[in-house]
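The values are calculated or read from the model by the stated rules, or taken from the named source; none is laboratory data. This is a predicted model, so every value here is computed, not measured. For neighbour counting, all protein chains shown are included, and Cβ atoms are generated from backbone atoms with ideal geometry for every residue, glycine included.
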Amino acid sequence: MRGTGAARRRAAPNPRADWLCGQACAGPFIFGANAPLLNVTGQACYEELRLLEVMGNKAGGLEVDKLEGIVQWQYTDGPRGLTVMHDRHAVRDIYLAKAEGTAFQVIKTFEAVNPGEDCQRVKK
């Protein structure tokens, strides 16, 4: 076993990490207001944390008993639209879209889809 004063081995050069660090410092094309959109998982995390913030502010804290008292019909508006809490679940629109490069063209909107419900209401 080596002591804490032992010399540490220097990490091998990593061109990809160097490029990413350079991009982060050079301009807003990866990070910041002009960055590409988050993926669905990133957007969902942001929206739900924003909803938790709204609910926590209204409840006066993040304790479960306080949140349970105000959760019904709480809402927030995020990148994917309005999220409304109903029966302890998030109700939101779902979008069917076509990718065009890095942009999406919404083809159909399924409004206020409840958890457990799918989009099979589409008529062919």
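Results, tabulated for the structure shown:
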{"quantity": "Residue tally, condition on the phi > 0 side of the Ramachandran plot and among the β-branched types (Val, Ile, Thr), over segment 96-119", "calculated": "0"}
{"quantity": "Residue in segment 57-116 that is surrounded by the most Cβ atoms within 10 Å (Cβ to Cβ), counting only those that are in a strand (DSSP E or B) and among the basic types (Lys, Arg)", "calculated": "Arg92"}
{"quantity": "Per-region count, segment 94-124, residues at pLDDT 90 or above and among the charged types (D, E, K, R)", "calculated": "2"}
{"quantity": "Number of the condition not met by Thr76 [criteria: (1) in contact (Cβ under 8 Å) with a residue 24 or more places away in the chain; (2) touching a Phe, Trp or Tyr at 6+ places or on another chain (Cβ under 8 Å); (3) among the hydroxyl-bearing types (Ser, Thr, Tyr)]", "calculated": "(2)"}
{"quantity": "Residue match in segment 38-51 (condition: among the small types (Gly, Ala, Ser), part of a strand (DSSP E or B) and closer than 30 Å to Ala103 by Cα)", "calculated": "no"}
{"quantity": "Close pairs from segment 43-63: first free of Cβ contacts under 8 Å to residues at least 40 places away in the same chain and at positive phi, partner surrounded by 14 or more Cβ atoms within 10 Å (Cβ to Cβ) and part of a helix (DSSP H, G or I), Cβ under 7 Å, at least 6 apart", "calculated": "Gly60/Lys66"}
